[in-house]
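The values are calculated or read from the model by the stated rules, or taken from the named source; none is laboratory data. Bear in mind that the values here come from a model prediction, so they are computed numbers and not experimental data. Because the Cβ atoms are built from the backbone with ideal geometry, glycine has one as well, and the counts that use them run over all protein chains shown. We work out accessible area using only protein heavy atoms, side chains counted, and drop any ligands, DNA or RNA first. Shrake-Rupley method; radii C 1.70, N 1.55, O 1.52, S 1.80 Å.
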Amino acid sequence: SKEGFEHYMLKEIHESPIAVEDTISGMIAEIDKIKESVKLINSARRIIVTAAGTSYHAGLLFSILLQREGYNALPIIASEYYNLKTTEEDVILAISQSGETLDVIQAIKKFKQNGSSIISLTNIIESAIARESDVKLYTRAGPEIGVAATKTFTSQVAALMLLYNFISQKDYSYLSKIKEIIRYALNYQGEARLIGEELSTKNNAYYLGRGLSLPLAMEAALKIKEIAYLHAEAYPAGESKHGPIALVEKGFPVIFINDGELTEDLQNNVQEMKARKAITYGISVNKKLNTDKELLLTTDEKLSIFAIIPIIQLIAYYASVKRGNDPDKPRNLAKTVTVE
Ligand code: M6R
């Protein structure tokens, strides 16, 4: 049941703190699997991270973290696996909420034939993808009914942060704060609603970010396309001046996602967009971007992405509702995509 929430999506966003907590404690309870994954990753020539949709965005974020540590991490959209010659020296990380996505199954089957080892992260115990894997990691977000992935995405990111901390031999105890950070961000539901409702009146939007905020911008754009049917494109903020800025005219909405790490660079991009009379929005943590409208949150620097995730989900949710759509059942989409 929706337990008093208007839609499953909203309920599931609110379940994110618990989903993350259960995911982390579940992973720690199976610490041998984490250690096995770390061993495979540390002895691999390349780490190929493959997934579709929202799960791909979690994978992209993880790849950036690994690349920064000097790892050869290669994110691949599952349906684009063709002709990628992997070997037994490569390890594959497949991420999928359902564990049944055909694109991902096809990719890992091919990589397996090449002799690569497979680590999977799925939300369903013994899912098809888990069964194809050498190491089966799980998020424990519980069932997700809304077609739009919300709490499962947050849980994937948390699980991958945990894995990353093990890989880079960092203390992971700070991850226990994620739950509180999400709860804190959920207090800004009203602010997110105002932004979502404003966007619902627009035909197009850009979501711009840098670093770890880029996969979040991509996820924000996917979410609002998916349930609000609002055409939104995500772009690396710095790259936006190499083409996308041509579309920007008076009133064009540009939403900046700022996890706080690359604020000064983003501020320059904000000015560029303001100079074209865009309406600029900021979803910012710890440091102000000086956008026309800004939602400024303050949290632990290392976990700032977790304050942003619920906000971008709520923005899409309210844009969808304002347009009179059913966010739980977007047109043309299935919860699990088992076709090519
Ligand atoms: O079950 P999966 O994580 O493999 O699904 C992948 C995508 O189909 C999925 O994330 C899709 O993009 C969602 N509807 C996003 O909200």
State in Å² the accessible area per residue of the chain; use a 1.4 Å probe, count heavy atoms of protein chains only, and round to the nearest integer. 40
With 19 Å as the cut-off, how large is the P(r) tail for the range 1-81, expressed as percent of Cα-Cα pairs? 58
Go ahead and collect, in residue order, the members of the range 112-138 whose backbone nitrogen is under 16 Å from a label point 7 Å along the Cα-Cβ direction of I18. none
On Cα atoms only, tilt of 16-29 relative to the major axis of the chain in degrees: 20
On the accessible surface of the chain, probed at 1.4 Å, how many percent belong to carbon and sulfur atoms? 49
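If you take all C-alpha pairs in the chain, what percent of them are over 38 Å apart? Could the numbers behind the result be given before it?
Numbers: 6766 of 57630 pairs.
Of all Cα-Cα pairs in the chain, 12 percent lie more than 38 Å apart.
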Cleavage-rule hits, chymotrypsin sites (Phe, Trp or Tyr not before Pro), the range 66-126, DSSP coil, Cβ neighbours within 10 Å at most 14: Y82
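Work out, in µm²/s and without decimals, the Stokes-Einstein translational diffusion coefficient of the range 261-306 at 10 °C, 1.306 mPa s, Rh from Kirkwood over C-alpha pairs.
Translational diffusion coefficient: 144 µm²/s.
Suppose a student asked you for the relative contact order of the chain, using Cα pairs under 8 Å spaced at least 6 residues apart; what percent would you report?
Details: 705 pairs, mean separation 65.2, N = 340.
About 19 percent, as a whole number.
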When the helices in the chain are scored as -39500 (n - 2.57) per DSSP H run of 4 or longer and the sum is shared across all residues, what 222 nm value do you end up with, to the nearest 500 deg cm²/dmol? -13500 deg cm²/dmol
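List the GluC sites (Glu not before Pro) in the range 203-305 that DSSP assigns to loop (not H, G, I, E or B) and whose Cβ has at most 12 other Cβ atoms within 10 Å. Which are they? All intermediate terms of the calculation are to be shown ahead of the outcome.
Numbers: sites: E219, E226, E233, E239, E249, E261, E264, E272, E294, E301; in loops: E249, E261.
Taking the range 203-305 and a limit of 12 other Cβ atoms within 10 Å, the loop GluC sites (Glu not before Pro) found are E249.
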Nearest 10 degrees is fine. How inclined is helix 189-199 to the longest principal axis of the chain, computing both from alpha carbons? 70
Mean separation of Cα pairs under 8 Å and 6+ residues apart, divided by the residue count of the range 1-153: what relative contact order is that in percent? 28
Each label point is 7 Å from the Cα along the Cα-to-Cβ direction; what then is the distance between the points at F5 and D265, in nm? 3.4
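Which whole-number percentage describes the relative contact order of the range 239-336, with Cα contacts under 8 Å and a sequence gap of 6 or more?
Numbers: 124 pairs, mean separation 20.7, N = 98.
This gives 21 percent for the range 239-336.
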So the angle from the long Cα axis of helix 53-68 to the longest Cα principal axis of the chain, reported in degrees to the nearest 10, equals 80
Enumerate the whole-percent occupancy of each 10 Å bin, from 0 to the last occupied one, for all C-alpha pair distances of the range 251-340. 15, 36, 28, 18, 2
Compute the convex hull volume of the Cα atoms of the range 136-195, divide it by the residue count, and report the result per residue in Å³ as a whole number. 117
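Only sites in a loop by DSSP and with at most 12 other Cβ atoms within 10 Å count here; which trypsin sites (Lys or Arg not before Pro) in the range 174-277 make the cut? Mind dumping the intermediate values first?
Details: sites: K177, K179, R183, R193, K202, R210, K223, K225, K241, K250, K274, R276, K277; in loops: K202, R210, K250, R276, K277.
Of the trypsin sites (Lys or Arg not before Pro), the ones in loops of the range 174-277 whose Cβ has at most 12 other Cβ atoms within 10 Å are K250, K277.
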Compactness index (Cα Rg / 2.2 N^0.38 Å), the range 103-177: 1.24
